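Asks: Before we start, here is the structure in question, set down as structure tokens.
The values are calculated or read from the model by the stated rules, or taken from the named source; none is laboratory data. Being a predicted model, the structure only gives us computed values, none of them experimental. Neighbour counts run over all protein chains shown; Cβ positions are idealised from the backbone, glycine included.
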Amino acid sequence: MADFGLQGFPARPEGVDRMTHYRSVLEMLPDAFTTVWISDHFQFGAKPTVEGWTLLTYLAAAFPRFRYGHLVLGQSYRNPALLAKMAATLQELTGGRFILGLGAGWHEEEYRAYGYEYPSGGVRVAQLAEAIELIRSMWTESPATYHGTYYHVEDAYCEPRPDPPIPIMVGTNGKKALGVTARLADWWNWDGPLRMKCSESTASRSGGRSRRSCSRPVSR
């Protein structure tokens with residue numbers, strides 16, 4: 001049986017308040033829709049943009065039928081140890097309905113506007129790898145100690161730890177970040193259409209843990 005998810009919301013009709021719009025969209029979804037996915041951006045010029053973590057937690061409480069995740073959180077925007085704690089707390093409060101979507105970050109406009117450093121793509125991918133490693137340490141060790149080039153924790157507790165475990169999904173099309181995905185993530189998200197030419201063997205050569213072959217064209 002196919003399993004579907006809603007990515008974002010259609011344009012809100014004029015004169016309709018935001019929560020009424022969200023409710024009308026979510027309540028009309030057929031049963032095959034089991035997940036809701038929220039973006040993580042602060043601004044696109046002056047366009048009204050609500051903050052993604054706050055929105056997701058509100059929706060998860062208001063509409064408990066669905067599982068929720070971000071497509072995807074920018075790893076730069078939240079300290080990964082704090083994010084591990086936030087995610088574990090949400091997993092506890094929702095009864096296991098959270099999926100942690102992470103990406104290296106790309107939208108330079110909001111980095112600059114909100115005072116975040118915008119390092120090279122290679123550095124952001126390296127930070128993504130460390131963020132995932134640190135988060136997993138927080139979820140599996142008590143206390144957790146992790147020392148990376150960019151992130152670290154020392155004797156950090158994340159109690160209660162997430163139960164069931166939270167899937168980590170990486171969203172990327174980049175070659176370096178795909179290596180991080182194969183090595184560290186549980187799930188992968190990409191923007192289609194995209195012709196893939198990868199296999200278990202290529203993932204193995206990159207030191208990864210590919211979940212399946214993807215040797216044929218795929219699109220979304």
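Asks: Considering only the stretch 40-94, state which residues are of a type in the set (D, E, K, R) and under 16 Å from the mean Cα position of the chain (by Cα).
Replies: Residues satisfying the conditions are D40, E51, R67, R78, K85.
Asks: Still on this structure: Give, as residue ranges, the strands (runs of 3 or more DSSP E) completely inside the stretch 117-220 that count at least 2 residues that are closer than 22 Å to D40 by Cα and modelled with pLDDT of 90 or more.
Replies: Ranges flagged: 168-171, 187-189.
Asks: Is there any pair with a first residue in the stretch 152-167 that is surrounded by 11 or more Cβ atoms within 10 Å (Cβ to Cβ) and a second that is part of a loop (DSSP other than H, G, I, E, B) whose Cβ atoms are under 7 Å apart and which are 6 or more apart or on different chains, and what are they?
Replies: A156/P143; Y157/S142; Y157/P143; R161/S142; P167/D186
Asks: Please state which one of F66, F4 is loosely packed, with under 15 Cβ neighbours inside 10 Å, of a type outside the set (A, V, I, L, M) and under 24 Å from G96 (Cβ atoms).
Replies: Just one listed residue meets the conditions, F4.
Asks: May I pose another question? It is to be established whether one or more residues within the stretch 97-112 are among the aliphatic types (A, V, I, L, M) and within 21 Å of A61 (Cα to Cα).
Replies: yes
Asks: Another question about this same structure. So which residues in the stretch 7-51 are polar (S, T, N, Q) and over 21 Å from I99 (Cα atoms), if there are any at all?
Replies: T20, S24, Q43, T49
Asks: Additional query: Among the candidates Q7, Q75, Q43, which residue alone is among the polar types (S, T, N, Q) and within 30 Å of A156 (Cβ to Cβ)?
Replies: Q75
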